[in-house]
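Enquirer: Have a look at the structure that comes next, please.
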Amino acid sequence: MTVKRHDGRKADEIRPMTAKVGVVPNADGSAMFSFGKTVAIAAVYGPRHLHPQFMQNPSTGILRVNYDLLSFSVAERKKPGPSRRSKEISKVTEWALAPAVNLEEFPNTVVDVEIYILQADASTRVAGINAAAMALAHAGIPMKTLVSAVAAGKLDKELIVDVDKEEEDFREGEGATDFPAAKLSGRDEFSLLQLDGKIQPELVPKALEMISSACEKVYEVQKKALKDFIENPEGGNGK
Ligand code: CDP
């Protein structure tokens, strides 16, 4: 049985992706990434001396992520300021990115990663991770590889990739399951797996396979944006 998606996408089809590096001139590194109508920007500042002092780690620098939805990014205006949801997403984003960066050369410092969602049509945490990984690379932070992320899901009984809002809200049959994941690009290692909803254990290997090949496609888009920036720095807004 093939799944019918409201916008006609195939089960393993990602919405059109766009990516650009160097979009926030005053940041040390920055990037935007979009999945269809979900648009994320990320700006990186640092490494810089970390205050308060008790948070410093003398053997390495640390990452500190702040994720937020802008008030008008969602259908019903979101009250500005942190929420339980934004704190959770900031933390899981930090954990998804941390294995890719190498901050041992920068003891007692912090690298701040600010992620803002300009427009939300679901899958915002994964769009934010993709933008942030590119922004870290743009800032020249030493990295083992990029991080590429996508949300798989289940519509009733069918697995899909890149869940949009209408799919996330799908309520017929078994309903919808959201399965956001991040992968160290080009490697056999996941750095984030979350599950909101239900999935039968026998479907998990197939879902992970779909996530892996979708992450490869995301990686290609991220690499191209970084390469375009290197070849034509003025094409973005500069660093
Ligand atoms: O965005 P993501 O899928 O990573 O996280 P979520 O918490 O599952 O949110 C799913 C979607 O719900 C978001 O992408 C938004 O489109 C929407 N949302 C909203 O409309 N208003 C909020 N205050 C929070 C989320």
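The values are calculated or read from the model by the stated rules, or taken from the named source; none is laboratory data. Given the structure is predicted, the values throughout are model-derived calculations rather than measurements. Here the Cβ positions follow ideal geometry from the backbone for every residue, glycine too, while neighbour counts run over all protein chains shown. To get the accessible areas, we keep the full protein, side chains included, count just its heavy atoms, and leave off ligands, DNA and RNA. Shrake-Rupley method; radii C 1.70, N 1.55, O 1.52, S 1.80 Å.
Enquirer: Looking at (1) more than 19 Å from Thr38 (Cα to Cα); (2) away from the ligand (no atom under 16 Å from the Cβ); (3) surrounded by 14 or more Cβ atoms within 10 Å (Cβ to Cβ), can you tell me which one Gln222 breaks?
Expert: Gln222 satisfies all of (1) more than 19 Å from Thr38 (Cα to Cα); (2) away from the ligand (no atom under 16 Å from the Cβ); (3) surrounded by 14 or more Cβ atoms within 10 Å (Cβ to Cβ) except (1).
Enquirer: Could you tell me whether Glu189 is under 21 Å from Ile89 (Cα atoms), surrounded by fewer than 24 Cβ atoms within 10 Å (Cβ to Cβ) and more than 15 Å from the ligand (Cβ to nearest atom)?
Expert: yes
This table checks each residue for (1) part of a loop (DSSP other than H, G, I, E, B); (2) among the aliphatic types (A, V, I, L, M); (3) under 30 Å from Gln56 (Cβ atoms); (4) within 11 Å of the ligand (Cβ to nearest atom).
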residue: Pro107; (1), (2), (3), (4): yes, no, yes, no
residue: Ala133; (1), (2), (3), (4): no, yes, yes, no
residue: Gly140; (1), (2), (3), (4): yes, no, yes, no
residue: Pro180; (1), (2), (3), (4): no, no, no, yes
residue: Lys198; (1), (2), (3), (4): yes, no, no, no
residue: Leu208; (1), (2), (3), (4): no, yes, no, no
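Enquirer: Further, regarding this structure: More than 9 Å from the ligand (Cβ to nearest atom) and either without any contact (Cβ under 8 Å) to a residue 60 or more places away in the chain or acidic (Asp, Glu) (or both), is that true of Asp68?
Expert: yes
Enquirer: Sticking with this structure for a sec: Only one of these is closer than 20 Å to Ala139 by Cβ and in a loop (DSSP other than H, G, I, E, B): Val44, Val3, Val24. Name it.
Expert: Result: Val24 is the single residue among Val44, Val3, Val24 that is closer than 20 Å to Ala139 by Cβ and in a loop (DSSP other than H, G, I, E, B).
Enquirer: Tell me, please, whether a residue that is more than 15 Å from the ligand (Cβ to nearest atom), hydroxyl-bearing (Ser, Thr, Tyr) and either within 15 Å of the chain's Cα centre (by Cα) or over 29 Å from Arg15 (Cβ atoms) (or both) can be found in segment 39-55.
Expert: Checked against the condition, which is being more than 15 Å from the ligand (Cβ to nearest atom), hydroxyl-bearing (Ser, Thr, Tyr) and either within 15 Å of the chain's Cα centre (by Cα) or over 29 Å from Arg15 (Cβ atoms) (or both), segment 39-55 yields at least one hit.
Enquirer: Does segment 204-219 hold any residues that are surrounded by fewer than 18 Cβ atoms within 10 Å (Cβ to Cβ) and either touching a Ser or Thr at 6+ places or on another chain (Cβ under 9 Å) or without any contact (Cβ under 8 Å) to a residue 60 or more places away in the chain (or both), and which are they? Spell out how you get there, then give the answer.
Expert: Here is the first cut: in segment 204-219, the ones surrounded by fewer than 18 Cβ atoms within 10 Å (Cβ to Cβ) are 204-206, 208-209, 212-213, 216-217.
Scanning segment 204-219 gives Val204, Pro205, Lys206, Leu208, Glu209, Ser212, Glu216, Lys217.
Enquirer: Only one residue in Asp169, Asp164 is within 16 Å of the ligand (Cβ to nearest atom) and free of Cβ contacts under 8 Å to residues at least 40 places away in the same chain, so which one is that?
Expert: Checking each option against the conditions leaves just Asp169.
Enquirer: Quick one: count up the residues across segment 71-94 that are more than 9 Å from the ligand (Cβ to nearest atom), assigned to a loop (DSSP other than H, G, I, E, B) and acidic (Asp, Glu).
Expert: Selection size over segment 71-94: 0.
Conditions tested, residue by residue: (1) modelled with pLDDT of 95 or more; (2) open to solvent by less than 40 Å² (accessible area, probe 1.4 Å); (3) farther than 13 Å from Val218 by Cα; (4) small (Gly, Ala, Ser).
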position: Val3; (1), (2), (3), (4): no, yes, yes, no
position: Arg15; (1), (2), (3), (4): yes, yes, no, no
position: Ala19; (1), (2), (3), (4): yes, yes, no, yes
position: Ala27; (1), (2), (3), (4): yes, yes, yes, yes
position: Ala31; (1), (2), (3), (4): yes, yes, yes, yes
position: Ser34; (1), (2), (3), (4): yes, yes, no, yes
position: Val39; (1), (2), (3), (4): yes, yes, yes, no
position: Val44; (1), (2), (3), (4): yes, yes, yes, no
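Enquirer: Restricting attention to segment 6-21, and to residues there that are assigned to a strand (DSSP E or B) and aliphatic (A, V, I, L, M), which single residue is nearest to Leu226 (Cα to Cα)?
Expert: Val21
Enquirer: Another question, if that's okay. Identify the single condition in (1) within 15 Å of the ligand (Cβ to nearest atom); (2) within 16 Å of Ala214 (Cα to Cα) that Leu159 does not satisfy, given that it satisfies every other one.
Expert: Unmet for Leu159, out of (1) within 15 Å of the ligand (Cβ to nearest atom); (2) within 16 Å of Ala214 (Cα to Cα): (1).
Enquirer: Now a separate question. Condition first: over 23 Å from Lys144 (Cβ atoms) and in contact with a strand residue (DSSP E or B) (Cβ under 8 Å, 6 or more places away or on another chain). Can you find one or more residues in segment 96-109 that meet it? Let's see the steps before the verdict.
Expert: Filtering segment 96-109 for residues over 23 Å from Lys144 (Cβ atoms) gives none.
Within segment 96-109, none of the residues are over 23 Å from Lys144 (Cβ atoms) and in contact with a strand residue (DSSP E or B) (Cβ under 8 Å, 6 or more places away or on another chain).
Enquirer: While we're on this one: Given the conditions (1) at pLDDT 95 or above; (2) in a loop (DSSP other than H, G, I, E, B); (3) more than 17 Å from Ala127 (Cβ to Cβ), and given that His51 satisfies all but one, which numbered condition is not satisfied?
Expert: All conditions pass for His51, except number (1).
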